[in-house]
1. In whole Å, what three semi-axes, largest first, describe the equivalent ellipsoid of segment 234-324 built from its Cα gyration tensor (square root of 5 times each eigenvalue)?
2. How much net charge surrounds TRP268 when only other residues with a Cβ under 13 Å from its Cβ are counted (Lys, Arg +1; Asp, Glu -1)?
3. Using only the alpha-carbon atoms, how far is helix 65-76 inclined from the longest principal axis of the chain? Give it as 0 to 90 degrees, nearest 10.
4. How far apart, in nm, are two points set 7 Å out from the Cα along the Cα-to-Cβ line at ASN160 and at TRP146?
5. Using only Cα atoms, tell me the angle between helix 13-24 and the longest principal axis of the chain; keep it within 0 to 90° and round to the nearest 10.
6. Quick one: length gained pulling ASP18 to LYS187 fully straight, 0.36 nm per residue minus the C-alpha distance?
7. In degrees, nearest 10, range 0 to 90: what is the angle between the Cα axis of helix 143-153 and the longest Cα principal axis of the chain?
8. Could you please report the charge total around PHE195, scoring K, R as +1 and D, E as -1 over all other residues with beta-carbon less than 12 angstrom from its beta-carbon?
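No lab work stands behind these numbers, since they all come straight from the coordinates. Since the structure is predicted, the reported quantities are computational estimates derived from the model, not experimental observations. In this analysis, Cβ positions are derived from the backbone assuming ideal geometry, glycine residues included, and neighbour counts consider all displayed protein chains.
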Amino acid sequence: MKLSILYVNYKAPRILLDSLDSLYQFDTQSFEIIVIDNNSDDGTEQLLKEAYPTVKFIQMGYNAGFARANNAGIKSATGDVILLLNTDTINLDDAVNRCFQQFVLSDDFACSAQLLNTDYTPQISGNYVMKGGINNLLPLPYLGRWLRWVAQQFSVKKPNLPEAKGIVTVDWINGAFLMVKKDAIEKAGLLDEDFFLYAEEAEWCSRIRKFGKLSIYGEYKVMHLQGETANMAFGSVGKGYFNVSDRKGLQMMLSNFLRIRKQFGVGWFVFHFAVYLFDVPLSLFAGMISYVNPFAKNKFPFSQWMGFAKNMLTLSYYFPKIILNRPYFYKVL
């Protein structure tokens, strides 16, 4: 059995080389490593040839995003197993190879190692699907906090797996480390190329899960410098996926709306979009109240509200396109 490791690179040569260094310190004889470059134009190919001449390099010629670039890598790959691996990951204790060896002996269709933050605390690696993708409302400035409070009162199951201890079956896997058998891809199809960045792995996993299990192998650890490459590309700051106010937030919201439409249908998409629109005046009103209330915490800055409102106005342009669900490249970078 052979493993094909795919890296999608965009203007992050140093981070990419660090990740490759962490792989090559262990035995890589059963690996095929492919770097798909989204037109970085920064000398990445030459750096790779000098450091790791056996790495296969594919130049997309434009910023194709995550799904299209990985699909190009999958089509070129010769391995029986495909690993989508972020450039901002560090292979700890030969986790990639150990995970691969266990995976090929299992009946799982896809798997992941346990991701870690830089301080070695666990990072969310696996997730659970909620009805209608309702957890897509959690990033909302005020309504999202209220929904989390309600969920806590009724002990609603969390939509993610904070830490895997042993082998845990999940509904979808973080795209930073997503190992999939070629047989599963042949059944489920490639990643959806309407997506530019974010949510594509959730939609893909929803199709893979129709044919087999997806698991997190908690024994194996991989460090993930969450959001580093995307932040550089978008000129954004911060980690996580609760941003609604800048360009990165715009891309996340657009991709999540697209995922809701594709995975759950028109009705759920319209519902989500309506709730987001409702939260624009609600968050403005709540924000104004919080600024005159000396006991209020977690004030939402007016500048962030302006960004949120502007993003929703931009997303209104895409509303009919998403409704129709015809092929379209949903890219805002």
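1. Details: eigenvalues 136, 46, 25 Å².
One finds semi-axes of 26, 15, 11 Å for segment 234-324.
2. Working: positive: LYS131, ARG259, ARG261, LYS262; negative: none.
In short, +4.
3. Its long axis makes an angle of about 20 degrees.
4. Going from the ASN160 label point to the TRP146 one covers 2.4 nm.
5. In the chain, helix 13-24 runs at an angle near 50 degrees to the longest axis.
6. Values: separation 169, 0.36 × 169 = 60.84 nm, distance 3.40 nm.
Once the chain is fully extended between ASP18 and LYS187, it gains 57.4 nm.
7. Orientation of helix 143-153: about 80 degrees from the principal axis.
8. -1
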